[in-house]
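Undergrad: One structure, pasted below without further comment.
Computed from the coordinates by the stated procedures, all read-outs in this text should not be read as laboratory data. What you are looking at is a predicted structure, and each value in this text was computed from that prediction instead of being measured. Don't worry about glycine lacking a Cβ; one is built from the backbone with ideal geometry, like all the others, and counts go over all protein chains shown.
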């Protein structure tokens with residue numbers, strides 16, 4: 001069980017949205033994390049330093065929150081080696097093949113009313129829900 | 001200037017992920033567990049983010065160009081094809097397995113959980129393979 005957190009989640013979502021809007025207003029770019037990260041890997045197509053700076057900000061975020069709130073950031077992460085390696089490979093491969101992830105398709109793409117992003121979001125939601133259903137209720 | 005802007009926007013994005021609870025894979029997996037311990041929080045994150053972005057883009061994309069760049073870099077691919085759907089389907093399976101997608105995984109990296117330290121390099125490897133396989 002995790003606690004339903006509508007207020008904190010809405011607030012956090014709005015902060016993510018503000019970041020996405022400002023990235024478009026200032027740099028003219030979509031705030032898609034898989035696109036940002038994959039461009040840090042070869043074959044290179046330029047624009048590495050600003051993307052590295054963005055990722056640095058992401059990595060620093062929990063520490064800034066902990067400094068500000070004085071409470072630790074709690075999380076429960078599976079430490080099953082095979083599961084986490086397979087999960088990482090699939091998320092990395094799938095997001096590049098499908099040109100986006102939860103942020104690029106699920107937030108920025110839906111905000112632009114992109115048909116491709118709507119199809120991608122519906123697809124990954126469906127396979128993710130099916131995967132969790134299989135693991136938690138069938139196996 | 002661009003570096004500072006990107007650092008701060010990455011920080012803001014990451015703070016949004018932490019505040020919303022999305023840096024915790026347990027919340028993602030419970031969102032996806034619609035037949036069990038369903039936690040609808042993620043709907044509020046995605047909804048809040050998408051509505052904010054939609055309103056913001058409406059104003060921003062009416063401007064002739066972004067402040068720090070010569071043009072808006074919007075996706076150019078059109079049409080729903082097999083590559084898009086196959087990629088999204090595989091992505092979803094990985095998301096359902098680990099409860100991590102790229103943003104939350106990187107945001108959680110410094111917290112140093114063993115699963116995160118396995119997931120992030122594997123994600124990089126998956127991205128690299130897909131980039132090399134689709135490069136022409």
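Undergrad: Take the alpha carbon atoms of chain B, find their radius of gyration, then divide it by 2.2 N^0.38 Å using N residues; give the quotient.
TA: Its radius of gyration relative to the 2.2 N^0.38 Å reference: 1.21.
Undergrad: If you don't mind, there's one more thing I want to ask. When only C-alpha pairs under 8 Å and at least 6 residues apart count, what is the relative contact order of chain A, in percent?
TA: Reported relative contact order: 25 percent.
Undergrad: How large is the Kirkwood hydrodynamic radius of the protein assembly as shown, counting all unique pairs of alpha carbons, in Å?
TA: Details: mean 1/r = 0.0552 Å⁻¹.
The answer is 18.1 Å.
Undergrad: Let me ask you something else. Let's test this: bin the Cα-Cα distances of segment A:5-139 at 10 Å from zero up to the farthest pair and state each bin's percent.
TA: Result, from short to long distances: 10, 32, 40, 17, 1 percent.
Undergrad: Averaged across A:64-71, how many Cβ atoms of other chains sit within 10 Å of each residue's Cβ atom?
TA: Mean inter-chain Cβ contacts per residue within 10 Å come to 2.
Undergrad: I would also like to ask the following. For residue B:81 paired with residue A:139, estimate the spin-label separation in nm (one decimal), with each label point 7 Å from Cα along the Cα-to-Cβ line.
TA: So the two model labels end up 3.3 nm from each other.
Undergrad: Hey, can you rank A:118-129, B:64-75 by average C-beta count inside 10 Å, highest first?
TA: Numbers: A:118-129: 21.5, B:64-75: 13.2.
My ranking of the peptides, most packed first, is A:118-129, B:64-75.
Undergrad: Relative contact order for segment B:14-115: what percent, with Cα pairs under 8 Å and sequence separation of 6 or more? Mind showing how you got there, number by number?
TA: Values: 55 pairs, mean separation 41.1, N = 102.
Taking the mean separation of contacting Cα pairs over the length of segment B:14-115, I get 40 percent.
Undergrad: Which residue, A:12, A:28, A:68, has the most motion in a Gaussian network model of chain A that connects Cα atoms within less than 10 Å?
TA: A:68
Undergrad: Other chains near A:45-52: what is the mean number of their Cβ atoms within 10 Å of each residue's Cβ?
TA: Going residue by residue through A:45-52 and averaging, the value is 3.
Undergrad: What's the exposure ranking of B:81, B:39, B:33, B:24, going from fewest to most Cβ atoms within 10 Å?
TA: Fewest to most other Cβ atoms nearby, the residues stand as B:81, B:33, B:39, B:24.
Undergrad: Taking chain B as a Gaussian network, where each spring joins two C-alpha atoms under 10 Å apart, which residue of B:118, B:32, B:84 fluctuates the most?
TA: B:84
Undergrad: Would you mind ranking B:19, A:65 so that the residue whose beta carbon has the fewest other beta carbons within 10 Å leads the list?
TA: A:65, B:19
Undergrad: Can you figure out the FRET efficiency of residue B:61 with residue A:82, using R₀ = 45 Å and their beta-carbon distance, to the nearest 0.05?
TA: Details: r = 44 Å, r/R0 = 0.98.
Here the calculated transfer efficiency is 0.55.
Undergrad: Additional query: Looking only at other chains, what is the average number of their beta-carbon atoms within 10 angstrom of each beta-carbon in B:54-66?
TA: 5
Undergrad: Given all pairs of different Cα atoms, what value in angstroms does the Kirkwood hydrodynamic radius of segment B:1-73 take?
TA: 14.6 Å
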